[in-house]
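The structure appears right after this line, and notes come after that.
The values are calculated or read from the model by the stated rules, or taken from the named source; none is laboratory data. Please read these numbers as outputs of a predicted model, since none were measured by experiment. Every residue, glycine as well, gets a Cβ built from its backbone with ideal geometry; the counts of neighbours run over all protein chains shown. To get the accessible areas, we keep the full protein, side chains included, count just its heavy atoms, and leave off ligands, DNA and RNA. Shrake-Rupley method; radii C 1.70, N 1.55, O 1.52, S 1.80 Å.
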Amino acid sequence: MAHRKTRASGDRWIVFILGIYWILLLKCGCFASWMYLGVASLAGSLHDSSCNEVPGLVHQQLQVCKDNPQSLMCISEGAKRGILECQSQFRFERWNCTTQKNYTVFGPILRKGTRETAFVYAVLSAGVVHSVTQACSVGNLTDCSCDMSRYGEADVEGWKWGGCSDNVNYGLWFSKTFVDAPETVASQNGKNVRNLMNLHNNEVGRKVVEKLMSKKCRCHGVSGSCAVKTCWRGLPAFKDIGQSLKSFYETSVRLAGRSKQKLRRKEKSKRRVPISTEELVYLSKSPNYCKHNPTRGILGTTGRVCNRTSEGPEGCNLLCCGRGYNTQVVKHVERCHCKFHYCCYVECKSCATMVDIHTCK
């Protein structure tokens with residue numbers, strides 16, 4: 001009896017501590033998210049983690065993780081790919097996809113449903129598809145393997161389906177089940193347009209991976225002839241996915257903010273035009289990313305390296321928001337005029353060049 005009382009008391013204490021933890025998160029405007037797995041992977045701190053140790057997972061996500069523990073590393077790798085690709089695509093923009101070293105990942109930036117938020121959701125959803133599909137093909141997941149559904153089928157052009165096609169259908173299913181879970185849980189308490197926005201952008205990311213799947217072939221025959229050609233479906237390079245999503249970002253659609261049942265365009269003249277899965281959607285205009293604003297998670301562009309001769313977003317005029325820039329002359333030393341001496345060493349000279357580095361004021 002005493003043992004039961006002690007256990008009940010311990011359970012209440014755990015609930016109390018968790019309650020305080022979430023109150024503090026809400027008070028500071030921070031929300032833990034599965035996206036944190038990508039930050040943990042970048043830091044190399046996930047190898048010994050279990051599903052229960054990842055903050056912010058909803059029940060459905062915990063269940064997926066517990067049913068297939070190996071999937072945790074795939075989800076982490078997918079989130080990491082999404083974050084790194086986001087940083088690559090936005091490296092010249094005023095907001096350059098900076099992450100924070102805490103459970104919020106991107107900080108307060110994602111609180112608003114901006115175009116940048118739309119891209120983040122899409123690219124991380126695509127990252128999970130890409131990583132899980134790849135893991136299936138190499139045998140790192142027990143619940144799936146490569147796609148052999150069309151193995152041996154002949155095509156009218158004279159080639160046969162063979163090899164081991166990447167099982168993108170499993171990757172799509174897994175991403176939808178895991179990545180969409182928080183929005184599904186939130187919608188149980190009443191759908192809102194932000195849930196619909198997130199779900200749509202998640203799907204856009206998945207569809208891009210599916211659309212960019214390509215046919216890859218190998219020839220077989222005597223003396224290099226192509227008497228027999230076997231083909232399979234393969235994943236695209238993730239940078240191609242990122243480039244496609246960045247083009248969608250440039251032409252993203254602003255939503256009417258009151259609809260709770262379906263997505264509608266804010267522009268009244270186009271309200272009846274359906275929104276496709278090749279369009280990212282957003283609710284709010286992007287904030288001013290020029291000036292440092294810690295409350296909104298904005299770092300500003302002061303100190304960013306810019307290109308003085310460019311007219312694009314990386315140009316000093318645009319990136320520095322009209323504030324001007326500083327120029328610093330830096331001495332760059334590298335090995336040059338290398339010669340191989342028999343036997344066996346390489347002798348090089350040191351060449352110094354002066355490089356102008358421009359940074360925003």
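Taking region 157-254 as the region of interest, the helices (runs of 4 or more DSSP H) fully inside it that hold 3 or more residues being open to solvent by less than 10 Å² (accessible area, probe 1.4 Å) and touching a residue at least 12 places away in the same chain (Cβ under 8 Å) are 168-179, 193-211, 238-250. Residue count for region 328-361 under the criterion of being closer than 13 Å to THR302 by Cα and out of contact with any helix residue (DSSP H, G or I) (no Cβ under 8 Å at 6 or more places or on another chain): the result is 2.
Selection over region 130-154 of residues that are part of a helix (DSSP H, G or I) and touching a Phe, Trp or Tyr at 6+ places or on another chain (Cβ under 8 Å) gives a count of 4. Considering the conditions (1) closer than 30 Å to CYS97 by Cα; (2) exposed (fewer than 12 other Cβ atoms within 10 Å of the Cβ); (3) of a type in the set (S, T, N, Q), THR277 is excluded by exactly one of them, (2). Among the residues of region 265-274 satisfying the criterion of being free of Cβ contacts under 8 Å to residues at least 12 places away in the same chain and open to solvent by 90 Å² or more (accessible area, probe 1.4 Å), which is farthest from CYS316 (Cα to Cα)? Top of the filtered list is ARG272. Being more than 17 Å from the chain's Cα centre (by Cα) and either closer than 20 Å to GLY234 by Cβ or open to solvent by 40 Å² or more (accessible area, probe 1.4 Å) (or both): is that true of LYS112 here? Against the criterion (more than 17 Å from the chain's Cα centre (by Cα) and either closer than 20 Å to GLY234 by Cβ or open to solvent by 40 Å² or more (accessible area, probe 1.4 Å) (or both)), LYS112 qualifies. Scanning region 305-356 for residues that are among the small types (Gly, Ala, Ser), in a strand (DSSP E or B) and under 24 Å from HIS292 (Cα atoms) gives a single hit, GLY315. Residues in region 280-304 that are in a loop (DSSP other than H, G, I, E, B) and hydrophobic (A, V, I, L, M, F, W, C) were compared, and the one that is farthest from CYS97 (Cα to Cα) is LEU283. On the basis of being in contact with a His (Cβ under 7 Å, 6 or more places away or on another chain), at pLDDT 85 or above and open to solvent by less than 30 Å² (accessible area, probe 1.4 Å), does GLY78 make the cut? Considered against the rule, which asks whether it is in contact with a His (Cβ under 7 Å, 6 or more places away or on another chain), at pLDDT 85 or above and open to solvent by less than 30 Å² (accessible area, probe 1.4 Å), GLY78 comes out as yes.
Each row is one residue, and each column tells you yes or no for (1) touching a strand residue (DSSP E or B) at 6+ places or on another chain (Cβ under 8 Å); (2) more than 29 Å from ARG94 (Cα to Cα).
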{"residue": "CYS306", "(1), (2)": "yes, no"}
{"residue": "GLY312", "(1), (2)": "no, no"}
{"residue": "LEU319", "(1), (2)": "yes, no"}
{"residue": "GLN328", "(1), (2)": "yes, no"}
{"residue": "GLU347", "(1), (2)": "yes, yes"}
{"residue": "VAL355", "(1), (2)": "yes, no"}
{"residue": "HIS358", "(1), (2)": "yes, no"}
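Among the residues of region 284-301, is any surrounded by 14 or more Cβ atoms within 10 Å (Cβ to Cβ), at pLDDT 95 or above and aliphatic (A, V, I, L, M)? No, region 284-301 has no match at all.
When region 86-109 is limited to residues that are farther than 18 Å from ASN288 by Cβ and crowded, with 23+ Cβ neighbours inside 10 Å, the one that is modelled with the lowest pLDDT turns out to be THR104. Would you check which residues across region 259-274 are at pLDDT 85 or above and not charged (D, E, K, R) and list them? Once the filter is applied, which keeps residues that are at pLDDT 85 or above and not charged (D, E, K, R), region 259-274 yields LEU263, SER269, VAL273, PRO274.
One line per residue, one yes/no per condition, for (1) open to solvent by less than 70 Å² (accessible area, probe 1.4 Å); (2) assigned to a helix (DSSP H, G or I); (3) modelled with pLDDT under 75:
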{"residue": "GLY19", "(1), (2), (3)": "yes, yes, yes"}
{"residue": "PHE31", "(1), (2), (3)": "no, no, yes"}
{"residue": "ALA40", "(1), (2), (3)": "yes, yes, no"}
{"residue": "LEU46", "(1), (2), (3)": "yes, no, yes"}
{"residue": "GLN63", "(1), (2), (3)": "no, yes, no"}
{"residue": "CYS74", "(1), (2), (3)": "yes, yes, no"}
